[in-house]
Amino acid sequence: MKRLLLLALAAGTAAHAQRPTIDISGARVQAYPIALAPPSGAPEGADVMDVLAADFDRSGLFRLLDPRSFLADPAKEGSSASTIDFSKWTAVGAQALVKAAARVDGEVVKVEFRLFDVPHASELLRGEYSAPRAALRQIAHRFGDDVVRSFTQEPGVFQTRIAYVRETENGKQVVVADSDGYGPQQVTSASINLLPAWMPKGRALAFTSFRDGAGAHLFQVDLGSRAVQQLVKMGDFATGAVFSPDGIRFAFSASQAENTDIWLSPIEGGILRRLTDSRGIDISASWSPDGKRLAFVSDRAGSPQIYTMASDGSDVRRITFQGNYNQEPAWSPKGDLIAFSGRDEHRVFDLYVVNVQTGKVARLTQNEGTNEKPSWAPNGRQIVFSSTRSGKKQLWTILPDGSNARQVTNEPRGASDAAWGPLPRK
Amino acid sequence: MTEAQPQTVYRSLLGGDPRIGWLGPGLALAIALHVAVVAAAFFLPRLLDRPHPLRKPVIAHLVALGKPRDPRLMPRKETEPPAAASSSSAPATSGAPSSAKGPPRQLTRQEMMERALAGAARRTRDEKPDPERAGQETGSPGGTAASVEEGEKYFGEVEDRIHANYLVPSVVSERERLYLSATVVIYIGRDGSIVKHVMTKPSGNSFIDQALVLALQRTRLPAPPAELAKLVRDEGLEINFKP
């Protein structure tokens with residue numbers, strides 16, 4: 001708590017000459033208490049509401065109130081501001097209230113949602129959302145994103161997707177799923193495929209693969225046609241492609257003459273540019289949100305640590321100094337933090353964030369298995385990562401302060417290498 | 001030609017030169033230095049020990065029980081600070097059912113420390129005011145405290161209790177959460193109740209303003225000391241809420 005006390009006893013107007021003044025700063029952030037009233041109408045409404053509840057819970061933005069505590073009778077009170085008894089929702093601690101009414105029209109499910117501001121007894125948002133029955137989860141994701149934007153003026157990420165690597169009998173395969181882990185679709189079928197990265201506009205993925213039998217090199221897969229083509233083949237190996245925010249370049253690591261460095265390539269192909277040239281290993285590039293700098297890992301000082309450099313390779317700065325094995329940097333969309341995994345004195349990898357300006361490191365995970373490969377949600381409010389805390393390695397999400405860990409995948413053989421996709425195109 | 005007389009060489013600076021007497025230049029220099037040191041010891045403290053124009057309160061933090069961590073190691077996860085005392089942070093008009101009263105439990109070291117500190121503060125506050133109480137040359141005619149520290153005691157407690165309830169909803173965008181501020185004047189009754197609050201400068205964000213009002217409603221303040229009771233009841237206490 002930053003505290004400053006001022007006794008304003010001297011100057012000022014005559015009326016308030018002696019009024020003391022204090023400053024209070026350092027507010028704590030609290031999840032917003034929200035009530036999701038049981039939906040009326042078709043039973044599909046309950047399924048949609050369950051998805052919405054899971055979205056809100058995972059986001060960390062909202063604290064879902066227990067329906068068993070509700071005092072209002074949803075069937076009797078209706079769904080308009082004039083008929084709702086807001087005092088009953090205030091009494092259970094609700095600051096926001098969601099009402100829904102569902103109906104089915106053929107194979108299409110339609111849900112009318114209303115969002116209310118309980119303290120002000122007013123309606124904030126209303127809309128009808130429809131989708132084929134098979135895709136009714138999207139109804140919840142779309143309304144959820146609208147609620148997030150209504151409150152925060154920032155985009156929600158419930159409609160985004162996550163790419164990751166699935167362990168299979170036939171090696172490691174790249175999978176794309178909704179950000180809550182549902183609807184996984186495998187986009188590669190053979191060999192060992194690693195480190196998926198979203199290409200601009202989310203239409204394709206780049207990944208590292210051993211598929212051509214000549215070491216690991218970079219490939220891309222079109223998510224519509226599933227067509228795979230080579231992206232980069234150079235030296236002993238090329239791996240870990242990451243695309244610049246403006247979508248016109250990508251950085252990757254490649255090994256030539258037993259020296260691994262970061263390289264830069266135009267997305268349309270052309271002349272490659274070597275960004276690092278140290279005698280150590282330089283890998284795992286991650287772009288800053290403004291595209292002016294790159295974070296990367298280098299062991300040039302004796303142990304793997306996080307560094308940043310300008311996008312032309314100049315102005316190299318070491319960012320981490322604690323620990324002796326820091327890797328997998330991921331620059332936050334807001335630009336202030338770099339998440340990474342680091343090995344502690346117990347030789348366990350955990351997640352950390354380092355403030356780019358101050359260099360202060362904060363730990364996000366601890367005493368819960370191995371935690372690796374962080375990737376930020378595009379709005380910067382969540383991080384997806386892989387963890388062994390529930391047994392096999394699975395994907396989890398966590399807030400940037402280390403709270404609200406939620407499991408995303410439940411792959412029988414395990415999941416890793418998550419890459420959170422971009423916001424959906426409008 | 002007469003033979004030249006041998007010249008006497010005086011090797012020690014402290015040694016007397018019979019041509020200029022016993023007080024040689026070395027001794028004169030030593031005396032001068034001693035005088036300078038004595039003068040400096042007398043005058044320098046007066047020149048340097050000027051009163052500070054503004055004295056900021058010193059905030060003490062209890063250090064957690066544990067061993068110092070090697071700064072070369074990765075940090076441990078930061079833990080939430082202990083919650084504020086329940087008596088001070090409980091809603092003033094709580095409709096929530098209270099939990100059943102259980103058997104008395106043994107106090108933790110932290111609770112014992114807090115009680116001891118609160119007791120010390122209470123004893124100090126309850127002392128009868130001295131009719132010839134001391135003040136400051138730069139103080140106000142309406143001032144009630146002998147020193148800045150004493151005047152801050154009650155307001156510091158007010159600040160702590162309101163801060164315990166100063167919660168900003170997560171749905172407020174970070175951009176607004178980090179930059180918006182608001183000012184509220186509260187009027188405190190003799191029993192410590194907030195009898196009125198006036199938002200003199202809203203933040204511009206209804207969620208933040210609402211959270212501030214909620215924080216004030218949830219806060220129970222201690223009764224003000226007698227010498228401050230009239231001031232905080234009639235003139236109020238201005239609170240600047242900052243990010």
_For the range A:49-97, give me the residue count where each residue is touching a helix residue (DSSP H, G or I) at 6+ places or on another chain (Cβ under 7 Å) and away from chain B (no Cβ under 12 Å)._
9
*Test set (1) free of Cβ contacts under 8 Å to residues at least 24 places away in the same chain; (2) crowded, with 22+ Cβ neighbours inside 10 Å - residue A:241 fails condition number*: (1)
_Selected residue [within 19 Å of the chain's Cα centre (by Cα) and modelled with pLDDT under 95] from A:203, A:211_ = A:203
*Being facing chain A (nearest Cβ under 10 Å), surrounded by fewer than 17 Cβ atoms within 10 Å (Cβ to Cβ), in contact with a Phe, Trp or Tyr (Cβ under 7 Å, 6 or more places away or on another chain) and at pLDDT below 90, is that true of even one residue in the range B:229-243?*
yes
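Condition first: in contact with a Lys or Arg (Cβ under 8 Å, 6 or more places away or on another chain) and either part of a strand (DSSP E or B) or not hydroxyl-bearing (Ser, Thr, Tyr) (or both). Now tell me which residues in the range A:292-311 satisfy that.
If the condition is that a residue be in contact with a Lys or Arg (Cβ under 8 Å, 6 or more places away or on another chain) and either part of a strand (DSSP E or B) or not hydroxyl-bearing (Ser, Thr, Tyr) (or both), then A:300, A:301, A:305, A:306, A:307, A:308, A:309, A:310 are the ones that fit.
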*What is the number of the single condition among (1) farther than 23 Å from residue A:290 by Cβ; (2) more than 12 Å from every other protein chain (Cβ to nearest Cβ); (3) crowded, with 16+ Cβ neighbours inside 10 Å; (4) of a type in the set (S, T, N, Q) that residue A:375 does not meet?*
(1)
*asked:* Condition first: part of a strand (DSSP E or B) and over 23 Å from residue A:110 (Cα atoms). Can you find one or more residues in the range A:84-95 that meet it?
replied: no
_Answer residue from the range A:305-353, given it is of a type in the set (Phe, Trp, Tyr) and within 14 Å of chain B (Cβ to nearest Cβ) and is surrounded by the most Cβ atoms within 10 Å (Cβ to Cβ) among those_ = A:340
*Considering only the range A:233-290, give the strands (runs of 3 or more DSSP E) lying wholly within it that have at least 2 residues that are within 21 Å of residue A:209 (Cβ to Cβ) and either at pLDDT below 95 or in contact with a Lys or Arg (Cβ under 9 Å, 6 or more places away or on another chain) (or both).*
A:237-243, A:249-256, A:259-266
*Which of the residues spanning the range B:208-232 are over 30 Å from residue B:171 (Cβ atoms) and out of contact with any Gly (no Cβ under 6 Å at 6 or more places or on another chain)?*
B:224, B:225, B:226, B:227, B:228, B:229, B:230, B:231, B:232
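The rows are residues; the columns are (1) at pLDDT 95 or above; (2) out of contact with any strand residue (DSSP E or B) (no Cβ under 9 Å at 6 or more places or on another chain); (3) surrounded by fewer than 17 Cβ atoms within 10 Å (Cβ to Cβ); (4) more than 28 Å from residue A:225 (Cβ to Cβ).
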{"residue": "A:107", "(1), (2), (3), (4)": "no, no, yes, no"}
{"residue": "A:136", "(1), (2), (3), (4)": "no, no, no, no"}
{"residue": "A:144", "(1), (2), (3), (4)": "yes, yes, no, yes"}
{"residue": "A:157", "(1), (2), (3), (4)": "yes, no, no, no"}
{"residue": "A:174", "(1), (2), (3), (4)": "yes, no, no, no"}
{"residue": "A:185", "(1), (2), (3), (4)": "yes, no, yes, no"}
{"residue": "A:192", "(1), (2), (3), (4)": "yes, no, yes, no"}
*Looking at the range A:98-115, which of its residues are within 14 Å of chain B (Cβ to nearest Cβ) and in contact with an Asp or Glu (Cβ under 8 Å, 6 or more places away or on another chain)?*
A:115
*So residue A:168 clears everything in (1) within 14 Å of another protein chain (Cβ to nearest Cβ); (2) more than 20 Å from the chain's Cα centre (by Cα) except one condition, right? Which one?*
(1)
*Name, by its number, the condition in (1) among the small types (Gly, Ala, Ser); (2) at pLDDT below 95; (3) within 19 Å of residue A:177 (Cβ to Cβ) that does not hold for residue A:403.*
(3)
*Within the range B:146-185, can you find the residues that are within 8 Å of chain A (Cβ to nearest Cβ), part of a loop (DSSP other than H, G, I, E, B) and at pLDDT below 80?*
B:173
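For (1) touching a residue at least 24 places away in the same chain (Cβ under 8 Å); (2) under 24 Å from residue A:199 (Cβ atoms), each residue gets a yes or a no:
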{"position": "A:348", "(1), (2)": "no, no"}
{"position": "A:352", "(1), (2)": "yes, no"}
{"position": "A:383", "(1), (2)": "yes, yes"}
{"position": "A:387", "(1), (2)": "no, no"}
{"position": "A:405", "(1), (2)": "yes, no"}
{"position": "A:410", "(1), (2)": "yes, no"}
_I'm checking my understanding of the structure. Among residues of the range B:199-217 that are in contact (Cβ under 8 Å) with a residue 24 or more places away in the chain and outside any helix (DSSP H, G or I), which one is nearest to residue B:155 (Cα to Cα)?_
B:200
*Any hit, the range A:55-64, residues being in contact with a Phe, Trp or Tyr (Cβ under 8 Å, 6 or more places away or on another chain) and surrounded by fewer than 19 Cβ atoms within 10 Å (Cβ to Cβ)*: yes
*Could you pull out the residue among A:140, A:121, A:163 that is touching a residue at least 40 places away in the same chain (Cβ under 8 Å) and within 14 Å of another protein chain (Cβ to nearest Cβ)?*
A:121
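Pick out the one residue from A:358, A:370, A:409, A:397 that is of a type in the set (Val, Ile, Thr), surrounded by fewer than 19 Cβ atoms within 10 Å (Cβ to Cβ) and over 23 Å from residue A:311 (Cβ atoms).
That would be A:370, the only listed residue that is of a type in the set (Val, Ile, Thr), surrounded by fewer than 19 Cβ atoms within 10 Å (Cβ to Cβ) and over 23 Å from residue A:311 (Cβ atoms).
The values are calculated or read from the model by the stated rules, or taken from the named source; none is laboratory data. All values reported here derive from a predicted model rather than from experimental measurement. So basically every Cβ, Gly included, is an ideal-geometry build from the backbone, and we count neighbours across all protein chains shown.
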